[in-house]
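One structure is given below, encoded as structure tokens.
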Amino acid sequence: PFTWVAGNNTSDAQAGSTSTKFGQIGDNIVALSQIGTSGLLYACENSLVALTNDPVFEDATIRRISKEVGCLGPRATANLGELGVLIASRQGVFAINPNDFNIDRGSRATAQKLDALFATTDFENTKTVMGFDEGRSTAFLCISRQDDPTASRIYALSTNNGSWWPWEIGNVNHREVNQIVPFRPVSGTRQVPYFSTANGFFMTIPESVS
């Protein structure tokens, strides 16, 4: 990795270029997320843009997914494997599939389910975190109030049927979730989500819990 002279061998550093093929995103990037098998989603403050493939391939292009839907924070996304990505925005949560290159506010996954939550929440004073439990096909949406973490609200989404329901951490002192990371504790077991909280605790849902 310390050989900075470009060459033709695979062990040498590879030369880049000053190509402007893809242009500029045009908005402040908030989060990055894989989409599909080789795409990259740029979740910006007020828009969503996708790089459709690895730039080394000729068919790679930049596609605008939305000019009005943005992302609430660097951890306000959740990968659903190759099924796509969930994005939490001010308008609600949107599900973006690998071939979706045009979404609007009406296509949100929270439509007619969590509309009141997003309409009444002051996102200037909150931290939004999302995660996915692959084994249970369940996504989590955590909205933490900076002034009162004990009032944080957590919702779970069943990706099998699209239903949302409130989900609660019993200890009020642990409700400000910082991050949700999938982890496989033992070889041969399924992944389980690990929740980290602002006060330094880690929590998980054991595989044995349905």
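Tabulated values for the structure
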{"quantity": "Residue in segment 129-145 that is open to solvent by 30 Å² or more (accessible area, probe 1.4 Å), among the basic types (K, R) and closer than 25 Å to I35 by Cβ present", "calculated": "yes"}
{"quantity": "Complete set of residues in segment 150-164 that are of a type in the set (S, T, Y) and crowded, with 17+ Cβ neighbours inside 10 Å", "calculated": "S152, Y155, T159"}
{"quantity": "Subset of segment 45-104 [among the hydroxyl-bearing types (S, T, Y) and either buried (at least 17 other Cβ atoms within 10 Å of the Cβ) or within 20 Å of S158 (Cα to Cα) (or both)]", "calculated": "S47, T52, S66, T77, S89"}
{"quantity": "Contacts under 8 angstrom Cβ, first residue in segment 179-194 being closer than 17 Å to F132 by Cβ and open to solvent by 80 Å² or more (accessible area, probe 1.4 Å), partner among the hydroxyl-bearing types (S, T, Y) and part of a strand (DSSP E or B), 6 or more apart", "calculated": "F183/Y194; F183/T204"}
{"quantity": "Leading residue by the ranking (farthest from T126 (Cα to Cα)) among those in segment 152-164 that are free of Cβ contacts under 8 Å to residues at least 24 places away in the same chain and hydrophobic (A, V, I, L, M, F, W, C)", "calculated": "A156"}
{"quantity": "Segment 52-95, residues that are β-branched (V, I, T) and more than 18 Å from L114 (Cα to Cα)", "calculated": "T52, V56, T61, I62, I65, V85"}
{"quantity": "Unmet criterion (only one of (1) modelled with pLDDT under 80; (2) open to solvent by less than 30 Å² (accessible area, probe 1.4 Å)) for T20", "calculated": "(2)"}
{"quantity": "Evaluation of H174 against (1) farther than 13 Å from A139 by Cα; (2) open to solvent by less than 60 Å² (accessible area, probe 1.4 Å); (3) out of contact with any Phe, Trp or Tyr (no Cβ under 6 Å at 6 or more places or on another chain); (4) not aliphatic (A, V, I, L, M) (one fails), failing number", "calculated": "(3)"}
{"quantity": "Enumerated strands (runs of 3 or more DSSP E) restricted to segment 28-87, each holding at least 2 residues that are polar (S, T, N, Q)", "calculated": "29-35, 77-79"}
{"quantity": "Failed item in (1) in contact (Cβ under 8 Å) with a residue 60 or more places away in the chain; (2) open to solvent by 50 Å² or more (accessible area, probe 1.4 Å), with W167 passing the rest", "calculated": "(1)"}
{"quantity": "Given (1) under 20 Å from V69 (Cβ atoms); (2) buried (at least 20 other Cβ atoms within 10 Å of the Cβ), number of the condition Q112 does not satisfy", "calculated": "(2)"}
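The values are calculated or read from the model by the stated rules, or taken from the named source; none is laboratory data. The model shown is predicted, which means the values in this text are computed figures rather than measured ones. Cβ sites come from the backbone with ideal geometry, for glycine too, and all protein chains shown count toward neighbours. Side chains are part of the model used for accessible areas, which takes the heavy atoms of the whole protein and leaves out ligands, DNA and RNA. Shrake-Rupley method; radii C 1.70, N 1.55, O 1.52, S 1.80 Å.
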